[in-house]
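J.: My structure is below; once you've seen it, I'll send some questions.
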Amino acid sequence: MRRVLCVLLLLCSGGAAGVAAQDPPVREDEPPKGFKLEQNYPNPFNPETRIPFTLDESLFEDGEPPAVSIRIFNILTQYVASPRALRVPGGDGLPVLQMEYPAPGRYEAYWDGRDRNGNLVASGIYLVQMTVGGKKDFIKMYVTK
């Protein structure tokens, strides 16, 4: 019984080599997304954080600015909030929900650690989902009190 428990713990933790701490492998047949959601900083955080992301030139090839949405979910995948845009002409301080960005580059969003009702969220793991043109990316972030 003890051996089975040890094996399960190793498998759940990513094995002795720490595989779980690595980024998931990118499949070679998977087309590029045209954007990159980067790890928030600081992480863990209390109570506020910044979420950096990059929009590639490929998103602007058709002459239309891409619509970007960033949503934060709790571990039960319940929608909690959307971070605010930073340094975006005409959109500074607005929620990043279907926000059009004017040019390729590196941007940041800001989250004050509050839910849609203005309450500070509890300590725990939260998921950040970024959606651009129907393609999605996720990161985990940690709130500590």
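What follows is calculated from the coordinates using simple rules that are stated; it is not laboratory data. All values derive from a computational prediction rather than experimental measurement. Please note: Cβ atoms are built from the backbone with ideal geometry, for glycine as well, and neighbour counts cover all protein chains shown.
J.: Under the Karplus relation 6.51 cos²θ - 1.76 cosθ + 1.60, θ = phi - 60°, what is the ordered set of whole-Hz ³J(HN,Hα) values for the stretch 46-53, x standing for Gly and Pro?
T.: 6, x, 10, 8, 10, 10, x, 7
J.: Count neighbours as other Cβ atoms within 10 Å of each site's Cβ, and list the trypsin sites (Lys or Arg not before Pro) in the stretch 30-129 that are DSSP loop with at most 14 such neighbours. Intermediate values should be presented prior to the final figure.
T.: Details: sites: 33, 36, 50, 71, 84, 87, 106, 114, 116; in loops: 33, 87, 116.
Hits after loop and neighbour filter: 87, 116.
J.: For residue 136, go through the lysines and keep the ones whose alpha-carbon is under 27 Å away, minus same-chain ones fewer than eight residues off.
T.: 33, 36
J.: At 0.36 nm per residue, minus the direct Cα-Cα distance, what do residue 87 and residue 110 gain on full extension? Give it in nm, one decimal, please.
T.: Values: separation 23, 0.36 × 23 = 8.28 nm, distance 1.04 nm.
Here the answer is 7.2 nm.
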